[in-house]
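To start, the structure under review is shown below, and the notes come after it.
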Amino acid sequence: MIDSAVDHVEATIREEIEKICWGCGLRLLLPSNAPIFKCGWCGAVTNQHAQKRKDKSLRWRRWRDRCFVSVVSLFMLCILCGGVWTVHPVVFSISYISGIFHCLVTAVLAVSTFTTFGLAAFRCAGRPPNIQWGSYPVVGKGDLEDYTFCLYCCKPKSPRSHHCRSCGMCIEDMDHHCPFIGNCVGATNHRHFIIFLISTLISTVYVTIMCSYAGWHIWPPLRFTSLAHPYILASGSTSRVVRELSHALLGSAMLLSTRGIILVYLIVSSVSVQIGLTILLWQQLCYIYEGQTYLSHLSSGADGGSGERDCQNLVRFFGCPYSFSRHLPIFRSSRKKHRK
Ligand SMILES: [Zn+2]
Ligand SMILES: [Zn+2]
Ligand SMILES: [Zn+2]
């Protein structure tokens with residue numbers, strides 16, 4: 001009687017600690033009933049509490065992304081057309097050579113910005129390769145090392161991949177999902193995204209310079225009041241000078257032509273875009289220099305992650321040839337040395 005009860009308890013314990021690995025399908029004997037365990041054969045990580053998920057908001061997210069991409073494309077087209085219409089007559093009125101040079105610079109910047117935008121927005125950000133899983137003879141030892149099971153895609157997810165709910169798929173080396181390009185920034189299009197940011201930044205700086213130059217030429221003369229003649233202003237207080245100057249600027253702005261109003265709009269919008277782009281580009285280059293992505297930076301926490309800070313990371317990222325990159329100096333952070 002006692003023996004049968006002991007057998008029953010042993011059988012229950014054995015049943016509780018026998019789990020099946022999703023990666024290779026082998027039955028594993030676990031020392032305890034852990035909710036998450038790793039297979040000793042294929043290396044796959046199983047989370048017993050995870051359940052299959054279905055994303056209901058995928059269609060809404062795709063519609064939002066398409067709207068953002070349309071707005072960004074339209075904005076870039078407006079800046080290009082507005083810039084051409086307002087600046088070209090002024091530049092050509094100065095000299096024919098400067099006009100031709102300006103046309104060439106505009107064409108190069110426009111082509112590079114629109115091409116890199118297209119590549120970043122419409123190229124797949126990094127689809128993980130299809131790998132076989134589920135049965136022991138097919139999956140070899142360590143084939144699924146640290147792989148987890150994506151509950152949305154229902155297939156293996158590598159440690160370098162993340163599932164993007166806006167794209168509805170796993171993305172390799174995912175940095176972030178950018179609504180302005182309506183796409184993830186991942187292994188395949190990260191470089192195009194950075195070149196797009198650099199190209200847009202250079203283009204907006206050029207727009208600001210050329211629009212300011214054209215504005216200087218077509219701005220109506222400042223109208224000072226009789227009491228506020230420039231010579232009198234020179235001897236007055238700072239607040240009075242600022243007040244009179246702003247009144248004069250506003251007075252002449254009222255006489256601006258349509259071309260002048262568009263120039264003011266172009267200057268304000270390009271400077272605003274420059275500020276945002278500079279912050280984003282600086283942040284992105286810092287992550288690349290650290291050998292990380294935005295998501296790996298978030299998951300690494302306060303210790304700074306496992307990546308090594310090195311200028312070679314930037315060189316590798318932009319795909320410079322080894323013969324060129326080996327002549328570059330290597331700067332390593334002091335924090336990394338201390339950790340060693
Ligand atoms: Zn396994
Ligand atoms: Zn997935
Ligand atoms: Zn995405």
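Quick rundown of the values:
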{"read-out": "Elements of type strands (runs of 3 or more DSSP E) contained in the range 145-187, each with 1 or more residues being near ligand 3 (Cβ under 9 Å from one of its atoms) and buried (at least 19 other Cβ atoms within 10 Å of the Cβ)", "value": "161-164, 169-172, 176-178, 183-185"}
{"read-out": "Single residue of PHE92, PHE101, PHE117 found to be in a helix (DSSP H, G or I) and open to solvent by 80 Å² or more (accessible area, probe 1.4 Å)", "value": "PHE101"}
{"read-out": "Qualifying residue in the range 60-70 (condition: assigned to a helix (DSSP H, G or I), in contact with a Ser or Thr (Cβ under 7 Å, 6 or more places away or on another chain) and open to solvent by 30 Å² or more (accessible area, probe 1.4 Å))", "value": "yes"}
{"read-out": "Leading residue by the ranking (most open to solvent (accessible area, probe 1.4 Å)) among those in the range 124-144 that are within 16 Å of ligand 3 (Cβ to nearest atom) and not charged (D, E, K, R)", "value": "CYS124"}
{"read-out": "Hits in the range 110-135 - residues which are within 16 Å of the chain's Cα centre (by Cα) and farther than 11 Å from HIS190 by Cα", "value": "THR113, PHE117, GLY118, PHE122"}
{"read-out": "All helices (runs of 4 or more DSSP H) inside the range 267-340 with 2 or more residues being at pLDDT 55 or above", "value": "294-300, 311-317"}
{"read-out": "Inter-residue pairs, beta-carbon under 9 Å, first closer than 19 Å to ASP55 by Cβ and of a type in the set (Lys, Arg) and in the range 160-187, second outside any strand (DSSP E or B) and away from ligand 1 (no atom under 16 Å from the Cβ), 6+ apart", "value": "ARG165/ASP55; ARG165/SER57; ARG165/LEU58; ARG165/ARG61; ARG165/TYR152"}
{"read-out": "Flag for SER57 being within 16 Å of ligand 3 (Cβ to nearest atom) and modelled with pLDDT under 90", "value": "yes"}
{"read-out": "Pair list, Cβ < 6 Å and 6+ apart or interchain, from the range 20-49 residues that are farther than 16 Å from TRP133 by Cβ to residues that are open to solvent by less than 30 Å² (accessible area, probe 1.4 Å) and of a type outside the set (Phe, Trp, Tyr)", "value": "PHE37/LEU30; PHE37/THR46"}
{"read-out": "Tally of residues being in a loop (DSSP other than H, G, I, E, B) and either over 54 Å from the mean Cα position of the chain (by Cα) or at pLDDT below 85 (or both) across the range 1-39", "value": "7"}
{"read-out": "Qualifying residue in the range 189-205 (condition: open to solvent by 50 Å² or more (accessible area, probe 1.4 Å) and either within 13 Å of ligand 3 (Cβ to nearest atom) or assigned to a loop (DSSP other than H, G, I, E, B) (or both))", "value": "no"}
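The values are calculated or read from the model by the stated rules, or taken from the named source; none is laboratory data. Keep in mind that what you see is a predicted model, and the values were worked out from it rather than measured. Here the Cβ is made from the backbone with ideal geometry for all residues, glycine too, and neighbour counts use every protein chain on show. When the accessible area is computed, the model is the full protein with side chains, heavy atoms only, and any ligands, DNA or RNA have been set aside. Shrake-Rupley method; radii C 1.70, N 1.55, O 1.52, S 1.80 Å.
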